[in-house]
Amino acid sequence: MDSKKLIVNTLLKVLPDEITEEQVEKLIEKPKTSDLGDYAFPTFILAKSLHKAPNMIAEDLVGQIDPAGFEKVVNTGAYINFFLDKGEFANSVLHDVLKQNEDYGNQNEGNGGNVPIDMSSPNIAKPMSMGHLRSTVIGNSIAKIEKKLGYQPIKINHLGDWGTQFGKLIVGYKMWGSEEEVEADPINNLLKYYVRFHKEAEEKPELDDEARAWFKKMEDGDEEALKLWTWFKELSLKEFNRIYSRLGVEFDHFTGESFYNDKMDEIVDILEQKNLLVESRGAEIVDLSEYDLSPALIKKTDGATLYITRDLAAAKYRKDTFDFVKSLYVVGSEQSEHFKKLKIVLKKMGYDWSDDIHHIEFGLITTGGKKLSTRKGNVILLENVLQDAVELAKKQINEKNPNLKNKDDVAEAVGVGAVVFHDLKNERRDSFDFNLEEVVRFEGETGPYVQYTNARALSILRKAGNIEFDANDALNLDDPEAWDTIKLLQSFPSVIARAGRIYEPSVIAKYSLKLAKSFNQYYAHSKILAEDEGLKARLAVVKSVSIVLQESLALLGVKAPEEM
RNA sequence: GUCGCAGUGGCUCAGUUGGAUAGAGCAACGGUCUUCUAAACCGUAGGUCGUGAGUUCGAAUCUCACCUGCGACACCA
């Protein structure tokens, strides 16, 4: 049953011959509100050829249209509005959802193709900030969406585990730190040394020389330097993993920057072979002036490699290892030029697959309108935010549902869910100013609102005795109160496809809010558990809504508690 | 300065491919729990869609110019 096809065919019978099927299909739109109809055809384009006013045309055509298969077909102004047969449509949609359950909306666009996703990528020895949250949850959600579309996502945590900052850290640690202090609270204390280093280096530039020397030792394989580095890294990973497990995020690989240390010579060799490398101001670069871009710096004056060199190595490694169909990088939009350069250089190297690399950029989180800076110690610690959110959730539970079991688990799911959902709700390119009250809000367009809606739906199903559905059930619900909800259920697969096409978790988040809202309206206006012949169909709506809400939340990486 | 992104009610944002009176949520005000979880629902109020031109039967949406904000612009990542 394809209702759009039915409309196209119905229209073609009465439209002038010069209008093609493709044109009709393209012109059909969905009215803003259901009271105008379910589909509409605007007649403006016919005005010229028919020499008539559009609303007259609409009126004439409606007179000729065969309304078989529709509830009704009417004209409103210049539009021909189609009202679908609600009962039949509902029956079909509800059976689809109930039968496929959590597989509803699955698609095979990807055909199992590998999609490495570079995400999260925090820096060792620095705390995870709200900025890392963005990369982590956006990447995680995109991975789930890709999976649902039939791709094989490979989540890669490209840890910032190499570079001069470790020289600084070692200097700071040796000057002001101790083993006991670090073990007691690793990240905060390491951060303390790092911040202090930057403060003191302003007065004493010789500290920077010392830091560079220590990093050089790391690169040369110095035992003490590497021992400290490994230690910092282990401690950091332990803390990161604690946060990842709270967020429910798992990685397939933790191949950070240091992983590519031995893979960069090859890149430099290839660049040399292809005559792409030129010397400029003592550094080795790839000239990109033909693209109006500053050059790609491959090697510094001192011979050390740079960011893009490493990323070239990583890109090639990923192609060689995973033979990806596309390769995604969930990285802030301030690095968009870097990825533009990366793709161009790869292309110049002769790798056509550079077209399959996509920078999934996202906007900055600021405080007071300013960019956060770890160096200045002005960061919003993710863990504090999660903690505040969970505590607030706990408070709400004690007020609203004091007899709830598993209070702590639910508070965790709701608090963390609120933070994650808030981050995914808006288009990822939007930057926003951090505001704790807004992030941990539980009312209105929030994660907890969606969770709550699902919990209420599940509660009804429990009260109904967890009814089983089968293919013979007549689910021909034609209640106008449920109509928007049913249409939304039907659109879920196309919503997922769109979210995947533009790499936008917010599309799913917005959809889940819409579905929750429409279900809450239905819930408020209709008695679902009334003992009459429509009971089973109503319960089918409730069950379908809970299936789709849970799947939507799952795609966002947000938990769906059964009660709250 | 150059390039990129953005500008929609007091605040935060929706608005596939141009289409019917520009939609939500917060905040404000007023209603709704003897009935399925009131983290909900209903209503009231609030908008020159940054500004000015242009394209079009039709523009928040497309084009151009300008204004404002943010970001990036060679040895950090």
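Just the residues that are among the hydrophobic types (A, V, I, L, M, F, W, C), closer than 22 Å to A:Ser3 by Cα and buried (at least 16 other Cβ atoms within 10 Å of the Cβ), please, taken from segment A:37-68.
Going through segment A:37-68, the residues among the hydrophobic types (A, V, I, L, M, F, W, C) turn out to be A:40-41, A:44-47, A:50, A:53, A:56-58, A:61-62, A:65, A:68.
Now narrow it down to the ones that are closer than 22 Å to A:Ser3 by Cα: A:40-41, A:58, A:61-62, A:65, A:68.
Within segment A:37-68, A:Ala40, A:Phe41, A:Ala58, A:Leu61, A:Val62, A:Ile65 meet the criteria.
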When the residues of segment A:261-307 are narrowed to those that are in a helix (DSSP H, G or I) and surrounded by 16 or more Cβ atoms within 10 Å (Cβ to Cβ), which ends up farthest from RNA strand B (Cβ to nearest atom)?
A:Ile270
Is it fair to say A:Leu549 is assigned by TED's automatic domain parsing to the domain that holds A:Pro493, surrounded by 17 or more Cβ atoms within 10 Å (Cβ to Cβ), among the hydrophobic types (A, V, I, L, M, F, W, C) and near RNA strand B (Cβ under 8 Å from one of its atoms)?
no
Checklist (1) within 11 Å of RNA strand B (Cβ to nearest atom); (2) without any contact (Cβ under 8 Å) to a residue 60 or more places away in the chain applied to A:Leu539, failing item:
(2)
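Conditions tested, residue by residue: (1) under 23 Å from A:Glu29 (Cβ atoms); (2) under 21 Å from the mean Cα position of the chain (by Cα).
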position	(1), (2)
A:Ile486	yes, no
A:Phe492	yes, yes
A:Ile508	yes, yes
A:Tyr522	no, no
A:Glu531	no, no
A:Lys543	no, no
A:Ala560	no, yes
Do we have any residue at all in segment A:259-272 that's over 21 Å from A:Arg212 (Cβ atoms), aromatic (Phe, Trp, Tyr), modelled with pLDDT under 95 and within 35 Å of the chain's Cα centre (by Cα)?
no
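Quick one: would you say A:Asp408 is assigned to a helix (DSSP H, G or I), in contact with a Lys or Arg (Cβ under 8 Å, 6 or more places away or on another chain) and more than 9 Å from RNA strand B (Cβ to nearest atom)?
Details: assigned to a helix (DSSP H, G or I): yes; in contact with a Lys or Arg (Cβ under 8 Å, 6 or more places away or on another chain): yes; more than 9 Å from RNA strand B (Cβ to nearest atom): yes.
Against the criterion (assigned to a helix (DSSP H, G or I), in contact with a Lys or Arg (Cβ under 8 Å, 6 or more places away or on another chain) and more than 9 Å from RNA strand B (Cβ to nearest atom)), A:Asp408 qualifies.
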Looking at (1) within 13 Å of RNA strand B (Cβ to nearest atom); (2) farther than 23 Å from A:Leu404 by Cα, can you tell me which one A:Ile486 breaks?
(1)
Is at least one residue of segment A:434-453 in the same structural domain as A:Leu549 (by TED's automatic domain parsing) and over 30 Å from A:Gln387 (Cα atoms)?
no
Would you check which residues across segment A:142-181 are within 21 Å of A:Tyr317 (Cα to Cα), within 14 Å of RNA strand B (Cβ to nearest atom) and among the polar types (S, T, N, Q) and list them?
A:Asn157
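Residue check: is A:Glu250 touching a strand residue (DSSP E or B) at 6+ places or on another chain (Cβ under 8 Å) and either within 29 Å of A:Ser135 (Cα to Cα) or part of a helix (DSSP H, G or I) (or both)?
Values: touching a strand residue (DSSP E or B) at 6+ places or on another chain (Cβ under 8 Å): yes; either within 29 Å of A:Ser135 (Cα to Cα) or part of a helix (DSSP H, G or I) (or both): yes.
When the stated conditions are applied, A:Glu250 passes them.
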Is segment A:336-352 home to any residue that is hydroxyl-bearing (Ser, Thr, Tyr) and either touching a Leu at 6+ places or on another chain (Cβ under 6 Å) or over 28 Å from A:Tyr503 (Cα atoms) (or both)?
no
What are the pairs, 6+ residues apart or on separate chains, where a residue within segment A:329-347 that is closer than 17 Å to A:Ser120 by Cα has its Cβ under 7 Å from a residue that is of a type in the set (S, T, N, Q)?
A:Val330/A:Ser135; A:Val331/A:Ser135
Please specify each residue of segment A:13-36 satisfying the condition of being modelled with pLDDT of 90 or more, more than 15 Å from RNA strand B (Cβ to nearest atom) and surrounded by fewer than 14 Cβ atoms within 10 Å (Cβ to Cβ).
A:Lys13
The condition from (1) without any contact (Cβ under 8 Å) to a residue 12 or more places away in the chain; (2) assigned by TED's automatic domain parsing to the domain that holds A:Gly160; (3) within 14 Å of RNA strand B (Cβ to nearest atom); (4) of a type in the set (S, T, N, Q) that A:Thr255 misses is numbered (1)
Restricted to segment A:12-40 and to residues being hydroxyl-bearing (Ser, Thr, Tyr) and either in the same structural domain as A:Leu488 (by TED's automatic domain parsing) or more than 19 Å from A:Glu59 (Cβ to Cβ) (or both), the residue farthest from the chain's Cα centre (by Cα) is A:Thr20
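From the residues in segment A:456-474 that are assigned to a helix (DSSP H, G or I) and in contact (Cβ under 8 Å) with a residue 40 or more places away in the chain, which one is farthest from A:Leu555 (Cα to Cα)? Outline the logic, then answer.
Our first condition is that a residue be assigned to a helix (DSSP H, G or I); within segment A:456-474, this holds for A:456-463.
Next cut, in contact (Cβ under 8 Å) with a residue 40 or more places away in the chain only: A:456-461, A:463.
Details: A:Arg456: 20, A:Ala457: 19, A:Leu458: 19, A:Ser459: 22, A:Ile460: 24, A:Leu461: 23, A:Lys463: 28 Å.
Step by step, filter segment A:456-474, then rank; the result is A:Lys463.
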Wholly within segment A:310-379, strands (runs of 3 or more DSSP E) carrying at least 2 residues that are in contact with a strand residue (DSSP E or B) (Cβ under 9 Å, 6 or more places away or on another chain) and at pLDDT 95 or above
A:327-332, A:357-362
Among A:Ala47, A:Ala58, A:Ala40, the single one that is of a type outside the set (D, E, K, R) and modelled with pLDDT under 90 is A:Ala47
Any residue in segment A:512-527 that is within 6 Å of RNA strand B (Cβ to nearest atom) sitting within a Cβ distance under 6 Å of a residue that is among the hydroxyl-bearing types (Ser, Thr, Tyr) and part of a helix (DSSP H, G or I)? List the pairs, counting only those 6 or more apart or interchain.
A:Asn520/A:Thr453
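The values are calculated or read from the model by the stated rules, or taken from the named source; none is laboratory data. Everything numeric in this text was worked out from a predicted model, so none of it was measured. Don't worry about glycine lacking a Cβ; one is built from the backbone with ideal geometry, like all the others, and counts go over all protein chains shown.
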